[in-house]
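Inspection log for the structure reproduced underneath, given as structure tokens.
The values are calculated or read from the model by the stated rules, or taken from the named source; none is laboratory data. All values derive from a computational prediction rather than experimental measurement. All Cβ positions, even for glycine, are placed from backbone atoms using ideal geometry, and neighbour counts span all protein chains on display. All accessible areas refer to the heavy atoms of the entire protein, side chains included, with ligands and DNA or RNA removed. Shrake-Rupley method; radii C 1.70, N 1.55, O 1.52, S 1.80 Å.
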Amino acid sequence: MPSQQILPITYHPPSVFSSSSSPTEKLLLKDAEDDPTTRLLLFSHFEEEDEEKGTPIIKPLLPRASSYITTTTNGANKHQQRRRRTASDSSLSSLSDDSRNNSLGREVEHAAAETFLVTRLSLKLLRYLGVGYRWITRFLALGCYSFLLMPGFIQVGYYYFFSSRVRRGIVYGDQPRNRLDLYLPKNTDGPKPVIAFVTGGAWIIGYKAWGSLLGQQLSERDIIVACIDYRNFPQGTISDMVKDASQGISFVCNHIADYGGDPNRIYLMGQSAGAHIGACALIDQAIKEAGEGESTSWSVSQIKAYFGLSGGYNLLNLVDHFHRRGLYRSIFLGIMEGEQSLQRFSPELMIQDLNIRHAASLLPPIILFHGTADYSIPSDARYKFPLK
């Protein structure tokens, strides 16, 4: 390992300074004598000669009196810069908050103006299309009525989505809408009676969740409710709807025991369009059973009774009524697969056909309910449908 040498640092005594040195310089020189480390700050081993006198001039590494002052000044400058930066940041933050509040206010004002403009133009458009103020006021009344019912809808919706006693979306077939919901009682002691429910919706907007209130009420009374979903128009026509309902009833008859239901106490129920579809499915199944050689997955004998709520059973008498109510003739005939199929899908007319008298005798008891103030389907639409 090579030897290391320590090089000396030239130090000139304080005598090189003249007697006219300032008091500050003398104080620094005295500190230099007491503290050797100070000498490194005050003196350098670099020398220059005075051109006039030819004597050497000692130059300190740092200015004598300004070395401490510079350090203090730099610290003060940094502190002032930090204060300026903090004040600048706070002012920018306050400006940002003010601009954000102003921006939010402008957005709210703009949204209100746009809403008013769209509402005004919509009313003008409706008036131009021939929709008078009578229909507009009815629409607004319907909106207010829906708003008042909103608390009840929220309660039923919460029960439907979060209750542990609701089994949603059970598959019963291979079609997209072949699903059903089960509403199970809290009490599980023994098999429970079962209601297979087909919901309404004008053959267009039917959905299994529409029966959630009925399912909640009946399940609290120890009755299992199965709400059957089916394809709607234009996804399917009436024959597809009847087929889907029949498959859902078959699932209930064959699998309800797995969920605590009594297969010997199954009742079929339908409401509005669902009442029509349920009745068609029941008659279609009876015709199949009365025929020879046709295999069936369920039997009408498994259905103890049929309950029809506000249904229409003679479509020939309802075409004009639906047209006046907004379900136009062309759409309705498209749902029912043409005018020639109206009789085939009218339970009232089917039951009077002499060719299926034997099939009619297989039907379970039929119980119909209809409000006299019902405007969607007139209450006299049920009078000629046979009761048992």
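Table for the structure above
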{"quantity": "Selection count where residues are more than 15 Å from LYS304 (Cα to Cα) and in contact with a Gly (Cβ under 6 Å, 6 or more places away or on another chain), scope the stretch 246-276", "calculated": "7"}
{"quantity": "Flag if VAL252 is at pLDDT 95 or above, under 16 Å from LEU180 (Cα atoms) and part of a helix (DSSP H, G or I)", "calculated": "yes"}
{"quantity": "Sole exception among (1) open to solvent by 40 Å² or more (accessible area, probe 1.4 Å); (2) at pLDDT 90 or above; (3) closer than 27 Å to PHE233 by Cα for LEU368, by number", "calculated": "(1)"}
{"quantity": "Single condition SER301 does not satisfy, out of (1) open to solvent by less than 60 Å² (accessible area, probe 1.4 Å); (2) within 25 Å of PHE369 (Cα to Cα); (3) outside any loop (DSSP other than H, G, I, E, B)", "calculated": "(1)"}
{"quantity": "Condition check for TYR145: farther than 22 Å from GLY260 by Cβ, at pLDDT 90 or above and open to solvent by 10 Å² or more (accessible area, probe 1.4 Å)", "calculated": "no"}
{"quantity": "Residue under evaluation ALA275, criteria (1) more than 42 Å from the chain's Cα centre (by Cα); (2) under 19 Å from ARG231 (Cα atoms), criterion not met", "calculated": "(1)"}
{"quantity": "Test: residue in the stretch 203-223 that is within 17 Å of GLN302 (Cα to Cα), out of contact with any Lys or Arg (no Cβ under 7 Å at 6 or more places or on another chain) and surrounded by 18 or more Cβ atoms within 10 Å (Cβ to Cβ)", "calculated": "no"}
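So that you can scan it fast, the table gives a plain yes or no per residue for (1) more than 27 Å from SER164 (Cβ to Cβ); (2) of a type in the set (Asp, Glu); (3) open to solvent by less than 60 Å² (accessible area, probe 1.4 Å); (4) modelled with pLDDT of 95 or more:
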{"position": "LYS186", "(1), (2), (3), (4)": "no, no, no, no"}
{"position": "GLY200", "(1), (2), (3), (4)": "yes, no, yes, no"}
{"position": "ALA226", "(1), (2), (3), (4)": "no, no, yes, yes"}
{"position": "LYS243", "(1), (2), (3), (4)": "yes, no, no, yes"}
{"position": "ASP262", "(1), (2), (3), (4)": "no, yes, yes, yes"}
{"position": "GLY270", "(1), (2), (3), (4)": "yes, no, yes, yes"}
{"position": "ASP284", "(1), (2), (3), (4)": "yes, yes, no, no"}
{"position": "LYS288", "(1), (2), (3), (4)": "yes, no, no, no"}
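Condition check ((1) touching a residue at least 40 places away in the same chain (Cβ under 8 Å); (2) out of contact with any helix residue (DSSP H, G or I) (no Cβ under 9 Å at 6 or more places or on another chain); (3) not small (Gly, Ala, Ser)) across all residues:
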residue: THR119; (1), (2), (3): no, yes, yes
residue: TRP135; (1), (2), (3): no, no, yes
residue: GLY143; (1), (2), (3): no, yes, no
residue: VAL166; (1), (2), (3): yes, no, yes
residue: TYR172; (1), (2), (3): yes, no, yes
residue: ARG179; (1), (2), (3): yes, no, yes
residue: ASN187; (1), (2), (3): no, yes, yes
residue: PRO191; (1), (2), (3): yes, no, yes
residue: TYR207; (1), (2), (3): no, yes, yes
